[in-house]
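Report on the structure given below.
Derivation of every value follows stated rules applied to the coordinates shown; laboratory data play no part. The structure presented is a predicted model; accordingly, all values stated were derived computationally and were not measured. When we count neighbours, we look across all protein chains shown, and the Cβ atoms used for this are built from the backbone with ideal geometry, even at glycine.
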Amino acid sequence: MGHHPAEPSDRCPCLSKVSVYVNTCGSLSLSADTAQEQGLDLEPPVRMEEEKEVMEVEERVVEVEHPLPCLSESDTQGIIKGRALFGYVGIEAVLDQMRRKTMKAGFEFNIMVVGQSGLGKSTLVNTLFKSKVSRKSCTPNYEEQISKTVHLQSVSHIIEEKGVKMKLTVIDTPGFGDQINNENCWEPIVQYVNEQYEKYLKEELNVNRKKRIPDSRVHGCVYFLPATGHWLRPIDVEFMRRLGKIVSIVPVIAKADTLTLEERLEFKQRIRQDLQANGIRVYPQKEYDEDAEDRILNDKIRENIPFAVVGTDKEHQVNGNKVLGRKTKWGIIEVENVAHCEFAHLRDLLIRSHLQDLKDVTHNIHYETYRVKRLNESNANGLALSPLTLENGTLEKSDAESHL
């Protein structure tokens, strides 16, 4: 392969080029011909005999810039690290700055729970956040009533742990799937999700917008499947197929302790087959994996979806330790014991390992798709953003905001 001469006009004067061979181990060896052209002396030990004995040399011409890396103003290719640095720079201190800023200001996390009545949605949410955060738990003299229509309701809390504050909003969907005719029962939920995107978009487009835009967008939707042991119902397929395009959905099998281990395994396999057959996208999607490390981690999660979960807020003594669990005549089902159920996997996904990724996917994928669509609509019409038509997707928000 020929060596291309450098254009002296656009090169940094402190750099010179040499042609080198790169072996498949990644080490650099100076070509004798090139060294002679450059007027460089090669000592006898710098030979290729030993390397040839190990493996063949892939003949590629690369550019080696020396004596020190010089970054041009227009092009900053490559990574400078380790010994290539003159000394300590201190850029990792940015992480401490970001952490302090997060601890001081806190962050928002909005989670939606969807499923028919009696599947333990409120209990599971309380178990996830180790506190009474569900709408049912926060409403005095609460009485369960089956709504004739789907009404979205939310309750917000400030949860503080080790100096870090999180504003948690739990959005509930009473009435979903509880009717004889459940046709289009997902429409109010689609409307609500889009309404939150619209609010955020309008705040972004303000000339004098807020320094920190309030974020009410739904970062994740936990969809509760009844433990039937059969296949997905038509309402399950239709809901996840539609909502999976605009929000991150995490399906779970509710009250999984009603199934044997064999029934649970078969049910999970059937659900995965149904999800694939119907083109339903659930979180985490393969196309959003950023690198090999992400792919390995997310593949393990995808293998366990849907999570078979059990929720409870009651503690029991097991071998001298207090554990969250459900007591039955056969023994105690430990909620956080992965041998008993997969609640721990769900908790880790939503809170410990993927919380920020859920927010990033919401902002960079779902919201961005909505934003582009709305701006294209406004450009086509030559007008400002037209208001969304909101029929029955309005939110009934709890007046009380607690601090835990």
*What net charge do the residues around residue 315 carry, taking every other residue with its C-beta under 14 Å from that of residue 315, with Lys and Arg at +1 and Asp and Glu at -1?*
+2
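Report the full-extension gain for the segment residue 117 to residue 164: residue separation times 0.36 nm, less the Cα-Cα distance, to one decimal in nm.
13.6 nm is the gain from fully extending residue 117 to residue 164.
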*asked:* Please list 3J(HN,Hα) in residue order for region 345-351, calculated via the Karplus relation 6.51 cos²θ - 1.76 cosθ + 1.60 where θ = phi - 60°; whole Hz, with x for glycine and proline.
replied: 5, 5, 4, 4, 5, 6, 10
*Output the pairs from 101/314; 165/268; 162/211; 104/286 with a Cα-Cα distance over 32 Å in this structure; if there are none, say none.*
101/314; 165/268; 104/286
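Sum up the charges of everything whose Cβ sits under 14 Å from the Cβ of residue 292, counting Lys and Arg as +1 and Asp and Glu as -1, but leave residue 292 out.
Once all neighbours under 14 Å are counted, the net charge is -3.
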*Label-point separation, residue 79 to residue 213 (7 Å along Cα→Cβ), nm*: 3.2 nm
_Backbone HN-Hα couplings from phi across region 84-100 [Karplus 6.51/-1.76/1.60, Hz, Gly and Pro as x]_ = 6, 7, 5, x, 6, 9, x, 6, 5, 5, 4, 4, 5, 4, 5, 5, 5
*Enumerate the calculated ³J(HN,Hα) couplings along region 244-260 in order (Karplus 6.51 cos²θ - 1.76 cosθ + 1.60, θ = phi - 60°), each rounded to whole Hz, writing x wherever the residue is Gly or Pro.*
x, 7, 10, 8, 7, 9, 10, x, 9, 8, 7, 6, 5, 6, 7, 10, 6
*In Å and from the alpha-carbon atoms only, list the Rg and Dmax of region 249-325.*
15.8, 48
*Tell me which residues come under 5 Å, amide H to amide H, from residue 248 once H is placed; ignore anything under 5 positions away on its chain.*
221
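Please sort by residue number the GluC sites (Glu not before Pro) in region 319-370 whose DSSP state is loop and whose Cβ has at most 14 other Cβ atoms within 10 Å. Provide the component values of the computation, followed by the final result.
Details: sites: 334, 336, 342, 368; in loops: 336, 342.
Those that pass, being in a loop and sparsely packed, are 336.
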